[in-house]
1. Those residues that are within 19 Å of C176 (Cβ to Cβ) and of a type in the set (S, T, N, Q), I need them from the stretch 227-257; list them, please.
2. In the stretch 21-37, which residues are modelled with pLDDT under 85 and among the polar types (S, T, N, Q)?
3. Return the residues of the stretch 510-555 that are out of contact with any helix residue (DSSP H, G or I) (no Cβ under 9 Å at 6 or more places or on another chain), modelled with pLDDT of 85 or more and of a type in the set (S, T, N, Q); say none if nothing qualifies.
4. Does the stretch 167-184 contain at least one residue that is under 30 Å from N102 (Cβ atoms) and within 23 Å of the chain's Cα centre (by Cα)?
5. Being of a type in the set (G, A, S), modelled with pLDDT of 90 or more and more than 30 Å from the chain's Cα centre (by Cα) narrows it down to one of G358, G343, G348, so name that one.
6. Out of S465, S427, I need the residue that is more than 16 Å from S516 (Cα to Cα), among the small types (G, A, S), surrounded by fewer than 21 Cβ atoms within 10 Å (Cβ to Cβ) and not assigned by TED's automatic domain parsing to the domain that holds E376. Which one?
7. Only residues that are within 21 Å of D418 (Cα to Cα) and out of contact with any Cys (no Cβ under 9 Å at 6 or more places or on another chain): list them for the stretch 437-457, please.
8. Would you please name the residue that is surrounded by the fewest Cβ atoms within 10 Å (Cβ to Cβ), looking only at residues in the stretch 399-424 that are in contact with a strand residue (DSSP E or B) (Cβ under 6 Å, 6 or more places away or on another chain) and assigned to a loop (DSSP other than H, G, I, E, B)?
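The values are calculated or read from the model by the stated rules, or taken from the named source; none is laboratory data. Model, not experiment: these values are computed from the prediction. Glycine also receives a Cβ, built like all others from the backbone with ideal geometry; neighbour counts cover every protein chain displayed.
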Amino acid sequence: MRLGWNLTSGRSYNITAWTSKSDPSPSNYAIAVDHHGQLVIMDGQRLHWRGGPWNGFRFSGAEGMQRDIANGIGFHYVTGPNYVFFSLYLIDPSVIDRLVINTSGTLQHFIWVPDRQLWTFVGMAPRDECDSVTRCGPNGVCHPDGSTLCMCLQGFARRNNSDGLDGCVRTTALACVNGTDGFATQSSVKLPDTSTASVDWSAVSLEECKLRCLRNCSCTGYAQANVSGSGSGCVLWSTDLTDIKFYEGGTGQDLFVRLAAADLITTTGRKHGHRSATVAIIVAPALAIFLLVFVVYWLYKRKKKHGNFSDDDSEETDLDLPLFDLDTITEATQSFSLSNKLGQGGYGPVYKGKLKDGQEIAVKRLSETSSQGSNEFKNEVRVIAKLQHRNLVRLLGCCVQARERMLIYEFMPNGSLDSLLFDPTKSGSLDWRTRYNIIVGIARGLLYLHHDSRLRIIHRDLKASNVLLDKDMNPKISDFGIARIFGGDDTEANTMRVVGTYGYMSPEYAMDGIFSVKSDVFSFGILILEIISGKKNRGVYHDSSFPVNLLDHVWSLWKEGKALKLVDKSIGDSFPTTEALSCIKIGLLCVQERPNDRPTMNTLLKMLDSDISLLPEPTEPGFVNLRGPFDTESSSTNRSNISKNTISHTLFEGR
């Protein structure tokens, strides 16, 4: 295979996608090497994906090329005044590989495994949200598994305190004429777009490359052009640095970003001496003690004045939500009558109501006996108040009056997913198309939480009872009481108190308290398999020799080639078998033992639109068998003991 350009004739060599699965005429999508030596996927004249420049070993943004070398595949890259070519060849003649660019512009690589007589998926591009071109704008770094998708390079700040998607600007102007500029190292990244960069492939050392950049006042950064062997060559940028992606595990390259001296302080150690640090060590504790005494005194005076801490206190002014009057909610729910009660959970009861303008609402009322409801109330407000997505339940406002703490939501006429899915008398209302649309809708809601909202949000309790259905059976993710917002550079967190629902928890969360976006992916995989089968994961299913849970049952059917037996019998035979098999396969990929083996939600949505033969093969899932004397639907663990959870709850009707 050969990709590239003959710059004299203008002839290009590329691989072009079909227009559709049944139409082999060329579409706009093509994989190619551009004039600047970067591997790219083009959508007509628009750049769809950039694999970065050649670095003597691989294209800096093509992550799977290391695996290709291990699999017996080699690469040639040649460039000259009149040509730029890249070719792939087989080190091991027995290897059979296949490159496909599908109708949606995704490049997929497969290797034939003779023993199993099937194509094994090796890699794909684009593979995650950070592969969208210039996803984080100029001078931004995209972190596909980070708590915040877009971060700024050191010495840069977000434009107008935005979410970072429109890029970053310098905090301090460069001072080239003073000779005080320096460089900060951004490690493990896909190098920025080199279409306007200067590339020198000669035997130039990294130190010489640095000096060239310093001597050029317009230079904004540099990197080594050739990282093979001892390294050589020089890449110099003189514009904003765009389309940078961070790689976990050190698979990327080092980028050296030019900064003013003031922005280098954090990287130059203790050059200002130890005296200021000593003063800080002495002053900080004293200040903390003073503040603590002040806060305790203030709370004491407040308690003495009001009798308790909750009567119309400042909490009301901290809630960035419309406030409902208690009399309005009391009237809407007919004084919280039992006939309007929809359900009961650890937070408290939930009631149906109707406002004077006719709008139906669901009122979540904090119970006075709830030990954790107040925390859940504050957390849910904090997390969901500013979220807007069609697949998230909408929080209309709250009521904070007297001793009441209530959340007011839009009402969902079709109730929670579990009330239909696991009821044999109602599951027939969920045909295949409805179930598939619910799967896609939940996936889109999670993608928003993980990647597209202002901050990365981990739900931590995704399950069928926390998915509500509107009048058109569109799914809405609900119950954010134990959700967590990730900030800064966090990609995962650890907790000593595991809260959520057993049967949906990922192994690393249930056993070690470690959670991340991949924990939600695991829960979503369980949910996919429940939606397809109409069975609860924590039920007991018998095969020929011993009882198993749903996950064991699915894996057994998959290995035996009988996966279609999983499909809920209430659907009948009127469903597309290929689509059903794809969903089962994706569900299994979501519940892999290792978090890194699970897809991101961005990749998962692309998988739902891919041919099943192009999906990677799942391995044995991560089994978390927590059945036994603590076999309640929800529980909370403090490592050494297990107690009943008072946060997670299931409502049995619409709300």
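1. S238, T239
2. S22
3. Hits for the stretch 510-555: nothing passes.
4. No, because not a single residue in the stretch 167-184 is under 30 Å from N102 (Cβ atoms) and within 23 Å of the chain's Cα centre (by Cα).
5. Exactly one residue qualifies, and that residue is G358.
6. Numbers: S465 fails: surrounded by fewer than 21 Cβ atoms within 10 Å (Cβ to Cβ).
Testing whether each residue is more than 16 Å from S516 (Cα to Cα), among the small types (G, A, S), surrounded by fewer than 21 Cβ atoms within 10 Å (Cβ to Cβ) and not assigned by TED's automatic domain parsing to the domain that holds E376 leaves just S427.
7. N437, I438, V440, G441, I442, A443, R444, G445, L446
8. N414
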